[in-house]
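The structure under discussion appears below in the form of structure tokens.
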Amino acid sequence: MLAANTVKGVSARRCTKSITRRRQTTTTAAKKGDVVSAAATADAPVVKGPIIIDGQVAHSTTELGLEVFRDLGDFASGELTGLLKPVESSWQPQDYLPDPESDSFLDEVRELRERSQCLPDDYLVTIVGDMITEEALPTYMAMLNTLDGVSDETGASGTPWATWTRAWTAEENRHGDLLNKYLWLTGRVDMRQVEVTIQNLIGSGMDPKTENNPYLGFVYTSFQERATRVSHGNTARHAKIHGDATLARICGIIAADEARHENAYSRIVEEILKRDPNGGVVAFADMMRKQIVMPAHLMNDMKHEELNGGSNLFADFSIVAEKTETYTAFDYADIMEHLVKRWEISSVTGLNADGLEAQEYVCKLPARIRKIAEKTAVRKAKAAKANPKDLKFSWIHERTVSV
């Protein structure tokens with residue numbers, strides 16, 4: 001995974017003025033009851049907001065935004081739901097694990113444990129981090145249910161958007177289950193420390209800065225699902241290289257699920273852009289200015305700082321992911337470029353001044369991120385060569401990974 005500060009230079013040098021201006025304007029408007037929103041157009045008033053909670057904008061959804069999602073109800077119950085698989089035809093974790101009812105169960109576990117000995121510690125850190133991210137699924141469902149116009153108002157609502165969120169969550173739930181059980185069987189990781197990290201992460205939640213706004217929320221999920229697809233795809237490739245074909249297959253099927261989910265969320269944004277091009281483009285730019293914060297950014301194992309002189313667990317996990325090429329700043333730029341092309345941002349018309357500014361910003365951003373990533377990679381390579389850093393991870397029984 002990628003920490004937000006991996007591409008910090010873009011925000012620090014280019015975006016601060018714009019963000020500050022938007023926050024100041026929104027704060028003032030919230031006090032006066034005026035019309036301002038991250039995804040608002042001049043003629044689309046904000047619904048009962050925005051309001052400021054803990055210094056952040058909340059409920060910035062516009063009347064037009066709510067109308068867009070009411071209009072998309074049939075799309076959600078039709079095409080969107082069609083991108084999920086029926087339970088009866090879905091894979092389940094047990095399909096890829098030793099069968100405890102089989103006479104050969106112990107032999108299969110022994111083979112799995114022997115096979116896993118080929119996995120190096122830096123690989124184990126990345127796949128444990130990915131698994132922990134998947135296991136924090138309750139947080140992601142909760143986040144989706146904070147979005148105006150698409151939330152599940154009862155917990156079992158039959159509305160198209162509520163039904164979609166629960167079905168998506170049910171598919172995602174298998175990912176953490178499978179990786180967790182597989183890693184438990186290997187005997188290579190400290191499962192109690194992993195479980196402590198999972199509990200802490202779910203308890204801490206996440207702050208994607210989506211303002212309860214479905215425009216922002218679905219830009220975030222489009223980006224994040226592709227990032228997860230990339231990460232799982234790379235762990236699959238690396239597992240195969242290291243000699244664990246079964247783990248490679250597991251990571252591969254999870255990556256395939258993420259690809260379907262990425263397509264689904266990207267389709268939602270495409271429909272937003274058809275109905276509200278200005279609001280859609282401005283929302284895209286807004287999330288990119290904030291930078292996509294990875295969902296596990298608040299992970300805490302209650303030991304890492306002590307083991308590493310106060311160093312942050314997620315930041316160090318991200319360093320290992322970068323070193324192993326599981327997920328890098330270049331992947332961040334590639335995802336950004338992919339979304340700009342998929343959503344045909346450069347061709348969107350009917351934009352006002354804010355929309356045109358946002359359009360120019362997002363179209364130029366991938367190249368800027370790549371340039372920063374290249375400079376950062378050179379600097380990190382020199383630093384690693386001159387002064388290698390050893391990181392201890394409780395997940396792997398406090399063994400050391402050199403970066």
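FYI, it's all coordinate maths here, none of it is from the lab. Treat the numbers as computed from the prediction; the structure is a model and nothing was measured. Glycine also receives a Cβ, built like all others from the backbone with ideal geometry; neighbour counts cover every protein chain displayed.
Amide H contacts under 5 Å for N308: none, restricted to partners 5 or more places along the chain or on a different chain, H placed in the peptide plane at 1.01 Å from N. Put a plus charge on the Cβ of each Lys and Arg, a minus charge on the Cβ of each Asp and Glu, and nothing anywhere else: the dipole of the range 67-397 about its Cα centre is then about 1440 debye. Annotation: amide H-H contacts under 5 Å for D190 (H modelled 1.01 Å from N, sequence separation of 5 or more, or interchain): I396, H397. Considering helices alone, the calculated mean residue ellipticity of the chain at 222 nm is -20000 deg cm²/dmol, with DSSP H runs of length four and up weighted by -39500 (n - 2.57) and normalised per residue. Among P208, P295, P93, the largest mean-square fluctuation in a Gaussian network model of the chain (Cα springs under 10 Å) belongs to P93. The ratio of the alpha-carbon radius of gyration of the range 67-397 to the globular-protein estimate 2.2 N^0.38 Å is 1.04. Annotation: aspartates and glutamates with alpha-carbon distance below 13 angstrom to K209 (same-chain offsets under eight excluded): D54, D286.
In order along the range 170-177, the phi-based Karplus estimate (6.51 cos²θ - 1.76 cosθ + 1.60, θ = phi - 60°) of 3J(HN,Hα) comes to 5, 5, 5, 4, 5, 5, x, 4 Hz; Gly and Pro are listed as x. Considering only A353, T376, M143, and ranking their Cα positions along the charge dipole of the range 67-397 that arises from unit charges at the beta-carbon of Lys, Arg, Asp and Glu, the one farthest toward the positive end is T376. Neighbour counts of C-beta atoms inside 10 Å place V87, V196, V219 in the sequence V87, V196, V219, starting with the fewest. With neighbours defined as other Cβ atoms within 10 Å of a residue's Cβ, the residues I53, I292 order from fewest to most as I53, I292. List the residues, sorted by chain then number, that are 5 or more residues from L391 or on another chain and whose placed amide H is less than 5 Å from its amide H. Residues meeting the amide H criterion: V401, S402, V403.
Pairs from the table (K181/K303; K371/K392; K240/K389; K274/K323) lying more than 29 angstrom apart at Cα are K371/K392; K274/K323.
Annotation: the residues D354, D257, D99, sorted from fewest to most other C-beta atoms within 10 Å of their own C-beta, follow the order D99, D354, D257. Take every pair of alpha-carbon atoms less than 8 Å apart whose residues are at least six positions apart; their mean separation over the length of the chain yields a relative contact order of 23 percent.
Listed by chain and number, the aspartates and glutamates whose alpha-carbon sits under 12 Å from that of K364, ignoring those within fewer than 8 places in the same chain, are E337.
Take the Cα of L66, step 7 Å along the line toward its Cβ, and report every residue of the range 214-231 whose backbone nitrogen sits under 17 Å from that point. Answer for the range 214-231: 214-216.
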